[in-house]
Amino acid sequence: MSREQEKTYAITRVLNHNVVLVEEPGTKLEIVLFGKGIGFGAKPGNTIPAHDPRVEKRFRLENENHQKQYQTILSQVDPAVVGIAEEIIALIASEITPQLNEHVHVALPDHIQFAIYRLRNGMEIVNPFLFEIQTLYTKEYTLAKRAADMIKKAFDLDIPDSEIGFLALHIHSAISYLPVKKAVQFTNVISELVSMIEQRTDRTIERSTVDYVRLITHLRFAVERIRQQKTIHNPLLDRVQTTIPEAYELASELAAYISNRLEVIVPEDEVGYMALHVYRLLQQQP
């Protein structure tokens, strides 16, 4: 029998029937174990074999700050909330990628606890970027709906679409290693860019159209490239500047807004691509 097969974990806390916290032999680090029924009837002090077939996912926080923050979460957040958050994290790891930003173990239970508090106290959850989130982060939003069903079942609460949108942002943050605040900021920037286009052109862009989806999808990837300082060559730049000067002027205003909000430099090549998308959109509007 190998050492891995001989190794056992000591249970330190049972969060729910499917999630337990254990101490890793040797390192004494706390590990999250997820598996159907793994916590049923278990108590602190019990042991679980490392090769237990019920274990579907293992999570260990490597960052010392995250370890400390997680201990704070465990002392301040309802264990049932931490448990459902860990089940959702296991779902993300299974459905999208196992490579997750470990801060999600801290941020998600904290968010869910506050959302439950607001819903139980009749406080409205407002999400001004819901349509953008649904459009830009479709796989995250689809998974967030499943997460909302899990929360509803566990706490007997109806989860509104606005909260599903925020759950989707947490999922996006986990898989993209982008802090939730930054994800909110970028979504806000994209929404404001669309508003600027509407104001400057004195027209409303219907949110349900393919043209709108195409526009904000382009803006999302443009903003991500600009944030990451990735260069993109635009062979049509000179022609864009001379043949559609009005669209290029508006794109330059959009670029100035992005530069100001994100404190970055927007390359002219990106301005040219934004001008093309703006021009195409305006040509298709009545």
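The values are calculated or read from the model by the stated rules, or taken from the named source; none is laboratory data. Remember, it's a predicted structure, so these values are computed and weren't measured experimentally. Neighbour counts are summed over all protein chains in view; Cβ atoms, including those assigned to glycine, are modelled from backbone coordinates with ideal geometry. For accessibility, only protein heavy atoms count, side chains too; no ligands or nucleic acids. Shrake-Rupley method; radii C 1.70, N 1.55, O 1.52, S 1.80 Å.
Run down ALA183, ALA154, ALA174 and say which single residue is crowded, with 22+ Cβ neighbours inside 10 Å and modelled with pLDDT of 95 or more.
ALA174
I'm told GLU198 meets every condition in (1) of a type in the set (D, E, K, R); (2) part of a helix (DSSP H, G or I); (3) free of Cβ contacts under 8 Å to residues at least 12 places away in the same chain; (4) open to solvent by 60 Å² or more (accessible area, probe 1.4 Å) except one. Can you identify the failing condition by its number?
(4)
Residues checked against (1) over 30 Å from PHE166 (Cβ atoms); (2) surrounded by fewer than 19 Cβ atoms within 10 Å (Cβ to Cβ):
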site: ILE11; (1), (2): yes, no
site: ASN18; (1), (2): no, no
site: PRO44; (1), (2): yes, yes
site: ARG58; (1), (2): no, yes
site: LEU61; (1), (2): no, no
site: GLY83; (1), (2): no, no
site: PRO98; (1), (2): no, yes
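Just to be sure I understand, how many residues within the range 201-210 are closer than 15 Å to GLU132 by Cα, in contact (Cβ under 8 Å) with a residue 60 or more places away in the chain and open to solvent by 40 Å² or more (accessible area, probe 1.4 Å)?
Final tally of qualifying residues: 1.
In the range 238-251, what residues are hydroxyl-bearing (Ser, Thr, Tyr) and either open to solvent by less than 40 Å² (accessible area, probe 1.4 Å) or closer than 17 Å to VAL264 by Cβ (or both)?
Scanning the range 238-251 gives a single hit, TYR248.
Quickly run through the range 126-144 and pick out the residues that are part of a helix (DSSP H, G or I) and aromatic (Phe, Trp, Tyr).
PHE131, TYR141, listed by residue number.
Under the condition of being aliphatic (A, V, I, L, M) and assigned to a helix (DSSP H, G or I), which residue from the range 224-237 is most open to solvent (accessible area, probe 1.4 Å)?
LEU237
Can you find a residue that is open to solvent by 30 Å² or more (accessible area, probe 1.4 Å), part of a helix (DSSP H, G or I) and in contact with a helix residue (DSSP H, G or I) (Cβ under 9 Å, 6 or more places away or on another chain) anywhere in the range 157-170?
yes
Among (1) of a type in the set (A, V, I, L, M, F, W, C); (2) out of contact with any Asp or Glu (no Cβ under 8 Å at 6 or more places or on another chain); (3) not in a strand (DSSP E or B), where does VAL14 come up short?
Among (1) of a type in the set (A, V, I, L, M, F, W, C); (2) out of contact with any Asp or Glu (no Cβ under 8 Å at 6 or more places or on another chain); (3) not in a strand (DSSP E or B), VAL14 violates only (3).
If I go through the range 238-270 residue by residue, how many of them are among the aliphatic types (A, V, I, L, M), touching a residue at least 24 places away in the same chain (Cβ under 8 Å) and assigned to a helix (DSSP H, G or I)?
Qualifying residue count, the range 238-270: 7.
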